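Worksheet: the structure to be examined is printed underneath.
All of the numbers you see were taken from the coordinates with simple rules; none came from a lab. A quick note: this is a predicted structure, and the numbers were derived from the prediction, not measured. Heads up, the Cβs are rebuilt from the backbone with ideal geometry, glycines too, and the neighbour counts pull from every protein chain shown.
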Amino acid sequence: MEPLPEHLEHDGLVLRRWTEADAALVGDLVAANIEHLRPYMPWIEHEPLTIEARRALQRGWDEVWSAGGDVMLGVFEDGVPVGSSGLHRRIGEGGLEIGYWVHVDHLGKGIARRASSGLTSLAFTVPGIDRVEIHHDLTNVRSRRIPEQLGFHLIGRSKEPRTPQAPADTGVDLVWRMTRHAWLAR
Ligand SMILES: CC(C)(COP(=O)(O)OP(=O)(O)OC[C@H]1O[C@@H](n2cnc3c(N)ncnc32)[C@H](O)[C@@H]1OP(=O)(O)O)[C@@H](O)C(=O)NCCC(=O)NCCS
C-alpha cells in the first residue's frame, strides 16, 4: 500500500508527519500535557517516556507509515507545535479514522476542528477511501463538538463496549462518519 500523505496546510495550520528526529519535540509537547491528556488518552499512563523509548516508538511509527499504515502528524500554528493528530486504518477497508489532541494552552481556538477538516479532505485524496470516522468516548463532550461542527453523521454507539482504559473513559464510544460523497457535496 502507498504511504498515507504526510503533509497538509489548512486554515492557518501546518500538519506534518512526526519522525524519529522529532522525539525531543514530541517529548516536550507530551510532558506539558500529561494531566490534560490523562482522562481520555490511555497511552498517557506510560508517560513520560525516556528519550530512547520515544525514539524507538517513533521508529515504529515510521515503519508502520512506510508500509502504508497509520500516519501520525504534528499540528503547528505559526511554527509552534500545538497538538498531534493522525489518520488511522483501524476501521476497516475503505475507511480512515481521525484522532487528535490539542495542547492545553491552545484549546478553544478551533485547532482540532481545523485540523480535522483538513484531514478529512486529505483522507479523501487517498485511493480507495470513501468514509472518514471520528470516534470518541460518550462523555468527551469537547471532542464530540469536532465531528458535529464538521457535519459528520452520528452512526451510533460502538457495538462492543471496550474495557475502560483511562480514568474518564466509559468504554462506550460514539461513532461519527463522513462519506466522500457528502464531504464533496457540502
Ligand atoms: C477534544 C480536544 C482535542 C478539542 O480541541 P480544541 O482545539 O480545543 O477544539 P476546538 O477549539 O476545535 O473546539 C471544540 C469545542 O470544544 C470547546 N472547547 C475547547 N476548549 C474549551 C475549554 N477550555 N473550555 C470549554 N470549552 C472548550 C470549543 O468551544 C468547541 O465547542 P463549540 O463548537 O461549542 O464552541 C481537546 O480538548 C483535547 O485535546 N482534549 C484531550 C484529548 C482528547 O480528549 N482527545 C480526543 C480523543 S477522542
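Remark: region 82-97, residue by residue, has Karplus-estimated 3J(HN,Hα) of 10, x, 9, 8, x, 10, 10, 8, 8, 10, x, 4, x, x, 9, 9 Hz, where x stands for each Gly or Pro and the curve is 6.51 cos²θ - 1.76 cosθ + 1.60 at θ = phi - 60°.
Put in line by how crowded their Cβ is, counting other Cβ atoms within 10 Å and starting with the fewest, His46, His103, His88 read His46, His88, His103.
About its Cα centre, the dipole of the chain is roughly 660 debye, where the only charges are +1 on Lys and Arg Cβ and -1 on Asp and Glu Cβ. Taking Lys and Arg as +1 and Asp and Glu as -1, the other residues whose beta-carbon sits under 12 Å from that of His7 total 0. Taking amide hydrogens as placed 1.01 Å from N in the peptide plane, the amide H of Gly83 sits under 5 Å from those of Val75, His103, each at least 5 positions away in sequence or on another chain. Note on region 7-185: Cα-Cα pairs beyond 20 Å make up 54% of the total pair count.
Out of the DSSP beta bridges found with both residues in region 7-185, what percent are antiparallel (nearest 5)? Kindly include the intermediate steps, with their values, before the conclusion.
Working: 32 of 35 bridges.
Restricted to region 7-185, the bridges split so that about 90 percent are antiparallel.
The order of Asp11, Asp62, going from fewest to most other C-beta atoms within 10 Å of their C-beta, is Asp11, Asp62.
The mean sequence separation of alpha-carbon pairs under 8 Å and at least six residues apart, normalised by the residue count of the chain, gives a relative contact order of 21 percent. Distances between placed amide hydrogens fall under 5 Å for Ile155 paired with Val175, Trp176, Arg177, all partners being 5 or more residues away or on another chain.
Note on the chain: helix-only mean residue ellipticity at 222 nm, from DSSP H runs of 4+ residues weighted -39500 (n - 2.57) and normalised by residue number, equals -9000 deg cm²/dmol. Pull up all non-local amide H partners of Gly68: gap of 5 or more, or a different chain, and H-to-H distance under 5 Å with H placed in the peptide plane. Under 5 Å from the amide H of Gly68: Leu4.
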